[in-house]
Amino acid sequence: MTRALASLVAMDFLLGLALTWDRYPLPGVNQPTGILVMALVIALGVTRRPTRRVAGLGSIALVYSFMVAWAIAVSALNGFPWQIRATKMMILLAFGATIAVGRIHAQSLITGYLVGALLNAGLFYAGFAPNNYPPYLTGFMTDKNVAGLVYAVLLIVGLVLFTRRRGQLMHVAVFAVLLFLTGSRTSMAAAAVALLWVAVRNKFSVVPRLVLAGGIIWFLQFVEARFARIGVFANREGTDWFREQVDLATEAKLARSPWWGDGLGTAWVDVGSADFMFFHNSYSALRIEGGWVMVAIMLYLVAYKGMGLLSTAQVPRNLALVEGGLLVLLVTASRLGEVFFTTPALLLLGLAWGWRFGVEEVSDTKPSLSEQRVDFSSQGFSKA
């Protein structure tokens with residue numbers, strides 16, 4: 001384990017650790033900490049040479065930028081302010097691109113994120129972190145569904161740090177418990193589906209994988225309709241009723257929206273509460289902010305360019321795990337309001353773009369976490 005720790009890059013590890021505070025507000029500033037952390041990641045990356053050439057990354061960035069430009073144009077047409085949200089979207093793109101080209105030591109960043117998530121849970125149960133949705137685990141992630149998304153993503157992607165069965169089982173066991181403690185049923189289902197994807201990824205061709213994806217969608221809808229309030233979730237009737245009211249209001253607002261959308265910052269509904277509520281569906285949020293154009297481009301970037309849903313090639317284990325993490329995003333997006341424009345999303349996309357399309361280059365910096373070149377068994381991670 002000493003060698004494993006020695007292989008980490010301190011600054012990259014600390015930035016990964018800070019990602020745990022992604023949604024926590026900066027003192028004196030009405031913005032989440034994640035914006036600052038991503039800016040620091042980008043700034044650090046600028047000082048380093050890339051370790052990977054990523055074919056087509058420029059085209060990916062161009063498509064993403066067109067999506068943002070489209071949403072800005074729609075916002076301006078309808079008289080809605082777009083500056084803050086559009087800026088955040090472009091920072092997210094730069095963050096993902098910095099990871100994709102290997103300017104950040106991915107092993108250190110992921111390890112820091114894992115340690116931060118563990119510290120968040122420890123501080124929460126010690127009474128030193130926010131408790132916004134008792135008794136569910138939130139901490140500095142501020143919301144139980146956000147916490148569920150993060151712990152589900154880390155449950156899958158964190159497996160890149162382990163090669164031996166014992167370490168893998170320990171990791172899955174710990175993060176499965178933490179995920180359960182968030183109370184996020186959607187994230188639990190997404191993590192289970194992602195583990196299944198990783199297990200069968202290289203055993204099925206494209207058509208069986210698409211059939212599997214369709215079966216997963218049907219199964220999740222079946223479970224949601226019949227078993228969402230059993231056992232420990234039996235007391236969730238009130239919150240589920242409120243979620244249903246948000247969904248109904250969302251559908252009504254979408255019905256009034258043109259196909260090109262209403263503009264950035266419009267994915268909110270009034271359900272008679274003191275505050276407007278953000279949509280509980282990320283696909284609907286894309287649709288209302290940037291129309292079907294935004295929906296199509298985001299699915300292209302995540303499902304096609306990131307997850308490789310239609311790819312006929314077999315992939316290394318690390319890339320299969322990142323694909324599983326992206327599947328967590330695609331599943332949770334059906335029940336969570338902001339999934340695609342988040343730090344976990346662009347972290348996963350950066351890894352996926354880099355590992356799928358990248359070619360390693362010789363560099364005088366520490367190597368990035370690459371499925372072709374890094375053997376964690378020689379660094380102590382297999383003994384974790």
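Taken over region 34-75, the residue count meeting the criterion of being among the aliphatic types (A, V, I, L, M) and free of Cβ contacts under 8 Å to residues at least 40 places away in the same chain is 8. Residue-level check: of (1) aromatic (Phe, Trp, Tyr); (2) part of a helix (DSSP H, G or I); (3) surrounded by fewer than 23 Cβ atoms within 10 Å (Cβ to Cβ), TRP353 misses just (3).
Tell me whether region 81-104 contains one or more residues that are exposed (fewer than 15 other Cβ atoms within 10 Å of the Cβ) and assigned to a loop (DSSP other than H, G, I, E, B). Yes; the residues of region 81-104 include at least one that is exposed (fewer than 15 other Cβ atoms within 10 Å of the Cβ) and assigned to a loop (DSSP other than H, G, I, E, B). Taking the conditions (1) among the basic types (Lys, Arg); (2) touching a residue at least 60 places away in the same chain (Cβ under 8 Å); (3) closer than 18 Å to TYR24 by Cα in turn, LYS144 satisfies each one other than (2). Scanning region 256-304 for residues that are modelled with pLDDT of 90 or more and among the β-branched types (Val, Ile, Thr), we see that the one that is farthest from GLY354 (Cα to Cα) is ILE288.
Okay, residues lined up against (1) at negative phi; (2) not in a helix (DSSP H, G or I):
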residue: GLY28; (1), (2): no, yes
residue: VAL37; (1), (2): yes, no
residue: ARG49; (1), (2): yes, yes
residue: GLY58; (1), (2): yes, no
residue: ALA61; (1), (2): yes, no
residue: PHE66; (1), (2): yes, no
residue: ILE72; (1), (2): yes, no
residue: SER75; (1), (2): yes, no
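The values are calculated or read from the model by the stated rules, or taken from the named source; none is laboratory data. These numbers were taken from a predicted model, which means no experiment stands behind them. Glycine also receives a Cβ, built like all others from the backbone with ideal geometry; neighbour counts cover every protein chain displayed.
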